[in-house]
Amino acid sequence: MRTKIVAGNWKMNKTASEAAALIVEIKALTAEVANVEVVVCPPFTDLKDAAAACAGSHVKLGAQNIHWEPSGAYTGEISAAMLKDLGVTHVIIGHSERRQYFGETDATVNLRTKAALDAGLVPIVCVGEMLEERKVGQTGDVVVRQVKVGLADLDVGKVVIAYEPVWAIGTGLTASPTQAQEVHALIRRTLAEMAGGDVANSVRIQYGGSMKPDNAKELMSQPDIDGGLIGGAALTAKSFAAIVAAGA
Ligand code: PGA
C-alpha cells in the first residue's frame, strides 16, 4: 500500500510570518489524520520560519524549486544544501508555471531532480499537458515524454510525481476522476517500463489542478491517485486540512 501524500504548493503567496501562522493552524487541524503524509511548500523566504513552525510535528517542509549546481555564480538560485540546512525534505520540480514562464524544460527537470536525489531530498516532479495538447489527443505522448526525459537515468523509486493538467491549474476546471486515473495509470506503466513493476507500484503519483475539499475524495479514491498537489485550496488551513482528511 502506498501512503497518500498531500502537499500544498503555496506559489508566490504568504510572508514569513503569515507562513508560520498558517502552519500552526494546519498542524492543529491535521493532527488527528492518520496515514497521510502532509507537506507544505512555501516560498524560499519563508522556509526558515516555516521550519521552526513545522519542527517536531507531522507536517513536512518542501521548497518550490532547486538549482542543480551545488554552489557558484548563479545569481538568484538556491542549492540543495541550502534547503537541507533549513530542514527542507521535499522540493517541487518542473511545475508547469516554471515551464511556461521560466524556461523550464524536461532536461532541466532532469538536472534538478538529480540534484535533489543526490542531496536526499524528495523531488515532487510535475508533469501535465496543456489544453491544446489534450484537444489534439497528445496528452499521453506529452506526459510519457516528460516522465521519460525528466527522470532519465535517475532512481525513479525515490520520486513523487504530480500529474497536473495545465488547463486545470487555478482554473476551477478539474480533470474528472476517470480522466485523471487514465493518465495516472499511463504514468505508472511508463515507470514500470523504466524501472520494473515493483518500483512503479511503490511510486506515489499525486493529482493537481483545482483539487478542492469537495472533489478530493473521489479523485484520491482512484487506484493510481496517491494524493494531491494543492495550490489555491492550500492557502487556507481549513480547506487544506479537509483535503488531507479526504486522503485518509
Ligand atoms: P491549483 O494549483 O490547486 O490552484 O489548481 C495546483 C498547482 O499548481 O500545483
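What number, rounded to the nearest 500 deg cm²/dmol, is the helix-based mean residue ellipticity at 222 nm of the chain, given -39500 (n - 2.57) per DSSP H run of at least four residues and division by all its residues?
Counting only the DSSP helices, I get -12500 deg cm²/dmol.
Pop a pseudo-label 7 angstrom from the Cα along the beta-carbon direction at both K238 and E18 and give the gap in nm to one decimal.
1.8
Using amide H atoms built in the peptide plane, which far-off residues or other-chain residues are under 5 Å from K4 H to H?
Long-range HN contacts for K4: E37.
In the range 1-94, which trypsin sites (Lys or Arg not before Pro) are in a loop and have at most 15 other Cβ atoms within 10 Å, using DSSP for the loop call?
R2
Determine which aspartates and glutamates satisfy two conditions relative to K11: a Cα distance under 17 Å, and not lying fewer than 8 residues away in the same chain.
In chain and number order, the partners are D46, D49, E77, E97, E104, E164.
Cα-based Rg of the chain per 2.2 N^0.38 Å, rounded to two decimals?
Working it through for the chain, the quotient is 0.93.
Tell me, Kirkwood radius of the range 85-200 from alpha-carbon pair distances, in Å?
14.6
Let's see if you can work this out: charge +1 on each Lys and Arg Cβ, -1 on each Asp and Glu Cβ, no other charges. What is the dipole magnitude of the range 104-248 about its Cα centre, in debye to the nearest 20?
Dipole about the Cα centre, nearest 20: 280 debye.
From zero up to wherever the largest Cα-Cα distance of the range 119-185 sits, split into 5 Å bins and tell me the percent of pairs in each.
Calculated P(r), rounded to whole percents: 3, 15, 26, 25, 15, 10, 5, 1.
Order of S96, S71 from fewest to most other C-beta atoms within 10 Å?
S71, S96
Would you please classify the overall shape of the range 24-134 from the alpha carbon gyration tensor, given that a ≥ b ≥ c denote the square roots of the eigenvalues, rounded means a/c under 1.5, and beyond that prolate means a/b larger than b/c while oblate covers the rest?
It comes out oblate by the Cα gyration axes.
Here, each number is a calculation from the coordinates, and none is a lab measurement. Quantities reported herein were computed from a predicted structural model and do not represent experimental measurements. Reconstructed Cβ throughout: ideal geometry from the backbone, glycine too, with neighbour counts over all protein chains shown.
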